Amino acid sequence: MEPEPNPEQPHPAVLELAKLRAGLAAGLTPEQSERLRGTSDEELAADAQALATAFGANQAPPAPRSGGNRGPDVGSGGRGSVSAGAALYRDRHGLDEDGRRPEKKPVPTGNGNPFAESGYSMER
């Protein structure tokens, strides 16, 4: 024989749905909503509000940070713009304004003949 359903106790599926609705309305997650106690909508809503206050679910979540620390030189000294960063890159890598390496001028070498005689003599 099946036990008679208690008219004061709702069906488990209906109770689960009522808990989920009350919890979501109070800002709780579905996992937190499973822990609500009560049988009527009013009892569940009151318990959901109390649980949300205890968990701080009604507060706005903190702004997410992506990328982590930007490093000590980013944004310091008023150099936070993209063009300032590009100029710093060009300076560090020896590039000109167009992003090319400047042509190197030939450096004169002193590779003359060390045994060559000079144009004068000290003879008498």
Checklist outcome for this item: Simple spin-label estimate for residue 82/residue 46, 7 Å along Cα→Cβ, in nm, reads 5.8 nm
Checklist outcome for this item: Note: residue 37 to residue 115 extended length (0.36 nm per residue) minus current alpha-carbon separation gives 17.5 nm
Checklist entry - Relative to the present Cα-Cα distance, how much length would full extension add between residue 104 and residue 90 at 0.36 nm per residue of separation? => result 3.4 nm
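Coordinate-derived values only; no laboratory data. This structure is a prediction, so every number in the text was calculated from the model and none was measured. Using ideal geometry, Cβ is built from the backbone for each residue, glycine included, and neighbour counts are taken over all protein chains shown.
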